[in-house]
Structures are given as structure tokens and as C-alpha cells.
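Structure first, commentary second.
Quick note: the coordinates plus some simple rules give every number you see, no bench work behind them. Just so it is clear, the model here is predicted, and its values are computed rather than measured. Cβ coordinates were reconstructed from backbone atoms using ideal geometry, including for glycine residues, and neighbour counts include every protein chain displayed.
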Amino acid sequence: MFLLDVRRSQLNLSKGTYQNRCRKIVVLARFGFGGAPHRNPDGEEIGTPHLHLYRENYADKWAYRVPNESLSITDDPWSNLQEFMRFCNITKPPNIEKGLFYEQGNP
């Protein structure tokens, strides 16, 4: 069973995380945007947005720059979620109301 987590900041709607997990706790892929840079175990700092991918012996502790050929990242959180679900090969996306991704009054 795979799980899709969608988390947005309550105060800053341009900040959030999309995450794909298996076995309830194993993070396979996590897309973080609008937040602080991430520092990898080797000390390298990766800016935002960034992508965490499962890595043997490190789980999701390593972040990578978002590969343009895999994800077309924009300023639109809804489009980014659609891209992330494609990246994770989610073939039957959950029913999510698009309006939840925008501040009141913005499309």
C-alpha cells in the first residue's frame, strides 16, 4: 500500500510538502517547496524547491535539486501536485478539490 501526503503551511500557503510513502513510514519521495533550504548529511545545502528520494542507509535524509526533465515546477501548487503524482507514477489520483490549493479570491 502506498500513501500520498499533502501538507500545506497554515500561515504561508506558498510553503508545503507532497510525500509518497509505503509501509506507512518509509518515505519514497518528498517534494518540499517554499521553505528553508535543506542541509544534506555531507553538509551540502540544497535550496527550495527540492526533492527527497529514498536512499539506502539514509532513508529520506538527502535532498536533490528538482530535475527539470522529471518535474516541471511552477509557482502553482496545484500544478506541482499533479506533476509530483505523475513523477510517483500514481495512476489513480485521489479526488482532491482544486480550490483547497488557493487563498480565498485567487484562482
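List of remarks:
- For the chain: Kirkwood Rh in Å [reciprocal of mean 1/r, alpha carbons]: 14.5 Å
- When you filter the trypsin sites (Lys or Arg not before Pro) in segment 38-69 for DSSP loop state and at most 15 other Cβ atoms inside 10 Å of their Cβ, you are left with K61.
- Modelled spin labels at S79 and V6, positioned 7 Å past Cα toward Cβ, are 1.7 nm from each other.
- Between N89 and E69, residue separation times 0.36 nm minus the direct Cα-Cα distance comes to 5.7 nm.
- Segment 42-102: equivalent-ellipsoid semi-axes (sqrt of 5 x gyration tensor eigenvalues, Cα, Å): 24, 15, 11
- Descending semi-axes in Å of segment 1-59, equivalent ellipsoid built from Cα gyration tensor: 20, 18, 7
- Sparse-neighbourhood loop sites, GluC sites (Glu not before Pro) in segment 10-88 - DSSP loop, at most 13 other Cβ within 10 angstrom: E44, E56, E69
- Residues in segment 39-56 carry Karplus couplings, in order, of 9, 6, x, 8, x, 5, 9, 10, x, 9, x, 8, 10, 9, 10, 4, 9, 3 Hz; the curve used is 6.51 cos²θ - 1.76 cosθ + 1.60 with θ = phi - 60°, and Gly or Pro positions show x.
- Spin-label proximity, L53 to segment 12-33 - amide N less than 20 Å from point 7 Å beyond Cα toward beta carbon: 17-23, 26-33
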